[in-house]
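What follows is calculated from the coordinates using simple rules that are stated; it is not laboratory data. Worth saying up front: this structure is predicted, and the values here are computed from it rather than measured. No Cβ is skipped: glycine too gets one built from the backbone with ideal geometry, and neighbour counts run over all protein chains shown.
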Amino acid sequence: MTSTDSPDCLFCKIVAGDIPADVVASSDTAIAFRDIAPKAPVHVLVVPKEHYPDVSAFAATDTEGLAGVIGLADGVASELADGQYRLIFNTGPKAGQSVFHVHAHLLAGGELPGFA
Ligand code: AMP
């Protein structure tokens, strides 16, 4: 499935350039843009250009693409912060996923709160 196969998907529209976003990096297969409601000094979403609903489907189909997302996130963390970061894939509504185009939340910059 390609991004153009999901015309109602918000992140497909960002990938296509139909909705503006603060893009901080991109590769052949992924883009990184700032989250509209940041939860950390650096809060960037890293998304594959291809549409997959979540990381489970993505990992099952495209391990190279998944490695590309992680690599792009790692580079952004070094560019915009000090290379230390948290990478989160919310997967499913109960885990807080609200946009069903797989995306990694890259959180960095300063001290991040620990988990309880
Ligand atoms: P999730 O809840 O894990 O699916 O994450 C979706 C994220 O997308 C949230 O952190 C939102 O703040 C973010 N978001 C929603 N719309 C936009 C947008 N137009 N540009 C950038 N980030 C967005």
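Structure notes:
- Condition met for Val24 (within 16 Å of the ligand (Cβ to nearest atom), of a type in the set (Val, Ile, Thr) and not in a strand (DSSP E or B)): no
- For region 33-53, a residue qualifies if it is surrounded by 19 or more Cβ atoms within 10 Å (Cβ to Cβ) and more than 21 Å from Glu79 (Cβ to Cβ), and the qualifying residues are Glu50, His51, Tyr52.
- Residue, farthest from the chain's Cα centre (by Cα), within region 10-32, restricted to residues that are of a type in the set (Val, Ile, Thr) and farther than 11 Å from Lys49 by Cα: Ile19
- The set of residues in region 90-106 being free of Cβ contacts under 8 Å to residues at least 60 places away in the same chain and within 6 Å of the ligand (Cβ to nearest atom) consists of Asn90, Gly96, Gln97, Ser98.
- Among the residues of region 75-89, the one identified as more than 16 Å from the ligand (Cβ to nearest atom), touching a residue at least 40 places away in the same chain (Cβ under 8 Å) and aliphatic (A, V, I, L, M) is Ala81.
- Total residues in region 75-113 satisfying the condition of being surrounded by fewer than 18 Cβ atoms within 10 Å (Cβ to Cβ), of a type outside the set (A, V, I, L, M, F, W, C) and either part of a strand (DSSP E or B) or within 11 Å of the chain's Cα centre (by Cα) (or both): the figure is 2.
- Selection count, region 17-61, where residues are in contact with a Pro (Cβ under 8 Å, 6 or more places away or on another chain) and over 22 Å from Ala95 (Cα atoms): 2
- Taking region 34-85 as the range and being under 17 Å from Val24 (Cβ atoms) and charged (D, E, K, R) as the test, the residues that pass are Arg34, Asp35, Lys39, Lys49, Asp74, Glu79, Asp82.
- Taking the criterion of being within 12 Å of the ligand (Cβ to nearest atom), under 22 Å from Ser6 (Cβ atoms) and under 11 Å from the mean Cα position of the chain (by Cα), the residues of region 35-74 that qualify are Asp35, Val44, Leu45, Val46, Val47, Asp54, Val55.
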